[in-house]
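Novice: Here it is, the structure, as structure tokens.
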Amino acid sequence: MTVQAWRQRRWDGIEFDTPESWADVPGETFRMMHPERSDLAYRPTFTARVIHPQGRSLTQVASLTAAFNSSALGASHWVDAAPSRLSSPRGLIAGRRMVFLHESPVGDLVTYSWAYVLDEERLVEMNAHCTVFQSIDLRPLLLHLGDTARWEGAA
């Protein structure tokens, strides 16, 4: 997939560089979907939400995400984990990026997950999903979405 045009989208203090062609899905979470194409049986999706961390550290949040994605979603495999950073006015905020494979009715899905503890009140969770077949073209885009997010929080 070649992305020719990007636009900035803002949601709940987070700014994303996103493909202009992706459609926004209304709701309480930030959600975008790949524009419909007749050759795709599954529409790639990107979501973000801000929740309370409930006193959890980044390590605990990442462990819970890994446990959920590896067990609760059926036949799943944890493929990769790496540090990630979120830009903010107060500097870079450490985070985690993880990649999982899941069986689904539309075929195997790839999930990219990012987690950042912004402060004592806010945890950002971002997830991108696509089929394994789509990941060949979408992987750079999905990684870009996570790596270019910025928090507009107070310095």
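The values are calculated or read from the model by the stated rules, or taken from the named source; none is laboratory data. Note that the structure is predicted; figures quoted are calculated from it, not measured. Because the Cβ atoms are built from the backbone with ideal geometry, glycine has one as well, and the counts that use them run over all protein chains shown.
Novice: Within region 107-143, track down each residue that is surrounded by fewer than 16 Cβ atoms within 10 Å (Cβ to Cβ) and touching a residue at least 40 places away in the same chain (Cβ under 8 Å).
Specialist: Those that are surrounded by fewer than 16 Cβ atoms within 10 Å (Cβ to Cβ) and touching a residue at least 40 places away in the same chain (Cβ under 8 Å): G107, E120, E121, D137.
The rows are residues; the columns are (1) exposed (fewer than 12 other Cβ atoms within 10 Å of the Cβ); (2) modelled with pLDDT of 80 or more.
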position	(1), (2)
M1	no, no
Q8	yes, yes
P19	no, yes
E28	yes, yes
M32	no, yes
D39	yes, no
Y42	no, yes
T47	no, yes
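Novice: Let me ask something else about it. From the list T59, T47, which residue is closer than 24 Å to I14 by Cβ and outside any strand (DSSP E or B)? I'd like the intermediate steps shown before the answer.
Specialist: Values: T47 fails: outside any strand (DSSP E or B).
Result: T59 is the single residue among T59, T47 that is closer than 24 Å to I14 by Cβ and outside any strand (DSSP E or B).
Novice: Quick check on my filter: what residues within region 64-116 are hydroxyl-bearing (S, T, Y) and in contact with a Lys or Arg (Cβ under 9 Å, 6 or more places away or on another chain)? Quick ask: steps written out before the conclusion?
Specialist: Keep residues of region 64-116 that are hydroxyl-bearing (S, T, Y), which gives 65, 70-71, 76, 84, 87-88, 104, 111-113, 116.
Correct list: T65, S84, S87, S88, Y112, S113, Y116.
Novice: Kindly list the number of the only condition in (1) more than 16 Å from the chain's Cα centre (by Cα); (2) more than 21 Å from E15 (Cβ to Cβ) that fails for T111.
Specialist: All conditions pass for T111, except number (1).
Novice: Do the conditions hold for G95, that is, is it under 30 Å from F133 (Cα atoms), modelled with pLDDT of 90 or more, touching a strand residue (DSSP E or B) at 6+ places or on another chain (Cβ under 9 Å) and not in a helix (DSSP H, G or I)?
Specialist: Spelling it out, G95 is indeed under 30 Å from F133 (Cα atoms), modelled with pLDDT of 90 or more, touching a strand residue (DSSP E or B) at 6+ places or on another chain (Cβ under 9 Å) and not in a helix (DSSP H, G or I).
Novice: In region 62-74, what residues are modelled with pLDDT of 80 or more and either surrounded by 14 or more Cβ atoms within 10 Å (Cβ to Cβ) or part of a loop (DSSP other than H, G, I, E, B) (or both)?
Specialist: A62, T65, A66
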